[in-house]
Amino acid sequence: MSEAMMTAVDVPQLDHDDTPVPAAKKPPVDPAVLAYRDLKGGEWWRHVPAYRDVDEATFLDHKWQSKHSVTSLKRLLATMQDIVSEDFYADVERGFMLAPMSVRVSPYVLSLIDWDNPWDDPLRRQFIPVASTLMADHPELNLDSLHEQADAPTPGLTHRYLDKALFLPLDTCPVYCRFCTRSYAIGLDTEQVEKVALRPNKDRWKAAFAYVASRPEIEDIVISGGDAYNLRADWIREIGHTLLSIPHVQRLRWATKGPAIMPQKILTDDEWLDAITEVVERGRSMGKEVVIHTHFNTANEVTEHSLRAMNRLMERGILVRNQAVLQRGVNDTPETMVRLVKTLSWINAHPYYVYMHDLVRGVEDLRTSLATGLRLEKIVRGVTAGFNTPTFVVDAPGGGGKRAIHSYEHYDRETGVSVYTAPSVKPGRLFYYVDPLHALPESGQQRWANPDERPRILEEAAEKARAHIAWLEDGD
Ligand SMILES: *Cc1c(COP(=O)(O)O)cnc(C)c1O
Ligand code: SF4
């Protein structure tokens, strides 16, 4: 229902009569605290040289957004022209060579970067690699640290938890994030990584559907990728309706970064949104939940376009939840994280998870210590409604699944090793997360520098974790 239709009906309004306002128990709030509600509006993109003459209708056109996305240094130069320094371009050129992910940035994202200081900008950090900030990988890092392929009965379907499965129908996205967990598969091959192909292929999809249908315990399907933004409308119908027709499948989630990096598509790609809506509505008529999971990482990604897109989804009764990744220089301070949570709550993108950064190659500069996550979680809890309070999780490397970060069995700040168990996912096993080396004291860094020490570091942590588990079990 539109705003106009709503006000046409006679609804009770707050009376501005002479009722005395009860005396407050709190001092008046500093207006700065509510500044997150002032979303960027107007035609802010016109400061980008290539978008100087782009009007609102053009900027809102999702086809224009896709077509003008930047995938190479040459296109970045053509877009930003003289507002970016030679130094920055030189840094990006080397960054492109060393990155495990291919590069793709939407005009929307480019227009939100602070080009006066691109090195520090939280959006630049996520999407445009520069060589100068790269740090050596931790010795424990590898591609596919989540063992998605090891837990896949058929390519592109990971069945790790009892009742849920992760379906990867395609391997492309509207943008590419430097830090993608699936850098083993997503995007084009790069100088650094030759990818596992997960192309949209009907036979591959059919094998996944057949597996889901054969396993009565599966109730919940995450349709990810790649990104559901890149699924054609007819593919959305095919995947959505086929999965809904499996009697034991009760919940579907479309995973897309879209609302965060190109909200324009929700406002102008009616064919795509109508297909999603059709699946949501059919699911609702069957008593099944179909929702969107998205991926905002900072409040800087939220503008009036985001609000309009989210309102359009809400009008259609489509629930949106957000999964953010904790990243250094992006959202790792109390101020940036609280602002993210409050802004997302304001636009009805329910903060669901904040992930510790996965152990992905080539992005050590973005990782934080577990301690940072533990501190932020305490600050965020209590700031807003419980259902808008994200759970901070670590996706246990090696396929343990998501664990609440505070549930570690052992955490050593010197070596940065934390140990988790996952009794309902892989009983009896220990899972290790490691802080980035740059977050460790000198002594810890020296231990990791010595290859002979490495197995000892993990063995020590395991011993302490086992002692802690025994202590917990003693109480029963
Ligand atoms: C994250 C994930 C899910 C969904 O987990 P939730 O905690 O329900 O969001 C399902 N399967 C795999 C393999 C996952 O990584
Ligand atoms: S949108 Fe998601 S799947 Fe695609 S590159 Fe970014 S993190 Fe990876």
Can you sort Cys180, Cys173 from fewest to most other Cβ atoms within 10 Å of each residue's own Cβ? Cys180, Cys173
Distance in nm between Glu271 and Ala449 label points, each 7 Å along Cα→Cβ, equals 5.8 nm
Unsatisfied cross-links (Cα-Cα over 26 Å) in the set Lys40/Lys63; Lys40/Lys265; Lys25/Lys342; Lys342/Lys378; Lys257/Lys426; Lys40/Lys164: Lys257/Lys426; Lys40/Lys164
Given the options His16, Gly428, Ala255, identify the residue whose Cα lies farthest towards the positive end of the charge dipole of the chain (+1 on Cβ of Lys, Arg; -1 on Cβ of Asp, Glu). Gly428
Most positive-pole-ward Cα, Gly400, Val302, Met80, against dipole of the chain from beta carbon charges: Gly400
Farthest towards the positive end of the dipole of the chain, among Phe127, Ser111, Leu267 and with Cβ unit charges of +1 on Lys and Arg and -1 on Asp and Glu, lies the Cα of Leu267
Given 0.36 nm per residue, what is the gain on full extension from Leu34 to Arg375 after removing their alpha carbon distance, in nm? 120.5 nm
Cα centroid of the stretch 127-204 to Cα centroid of the stretch 68-114, whole Å: 22 Å
Under-5 Å amide H pairs with Gly398, H placed in peptide plane, nonlocal only: Leu146, His147
What share of Cα pairs, in percent, lie more than 33 angstrom apart in the chain? 41 percent
How large is the dipole of the stretch 157-405 about the Cα centre if only Lys and Arg carry +1 and Asp and Glu carry -1, each at its Cβ, rounded to the nearest 20 debye? 520 debye
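Need the full-extension length gain, Leu14 to Glu463, defined as separation in residues times 0.36 nm minus the C-alpha distance. One decimal, nm.
Answer, rounded to one decimal: 155.4 nm.
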Can you put Leu98, Leu307, Leu313 in order, fewest other beta carbons within 10 Å first? Leu98, Leu307, Leu313
Volume of the Cα convex hull of the stretch 41-122, divided per residue and given in Å³: 100 Å³
Pick out, in residue order, every one of the GluC sites (Glu not before Pro) in the stretch 409-476 that is DSSP loop and has at most 16 other C-beta atoms within 10 Å; say none if there are none. Glu414
For the stretch 16-35 and the stretch 320-362, compute the distance between their C-alpha centroids and round to whole Å. 30 Å
5 angstrom amide H check on Thr391, placed H, neighbours 5+ away: Tyr353, Val354
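How large is the dipole of the stretch 408-476 about the Cα centre if only Lys and Arg carry +1 and Asp and Glu carry -1, each at its Cβ, rounded to the nearest 20 debye?
Values: 8 positive and 13 negative charges, 52 e Å.
Roughly 240 debye for the stretch 408-476.
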Inter-part gap, Cα centre of the stretch 225-270 to Cα centre of the stretch 429-476, in whole angstrom, is 40 Å
The chain, dipole about Cα centre (Lys/Arg Cβ +1, Asp/Glu Cβ -1), debye to the nearest 20: 880 debye
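Bear in mind that the values in this text are calculations on the coordinates, not laboratory data. In this text the structure is predicted, and so the values were computed from the model without any measurement. Note that each Cβ is placed from the backbone with ideal geometry, even for glycine, and that neighbours are counted across all protein chains shown.
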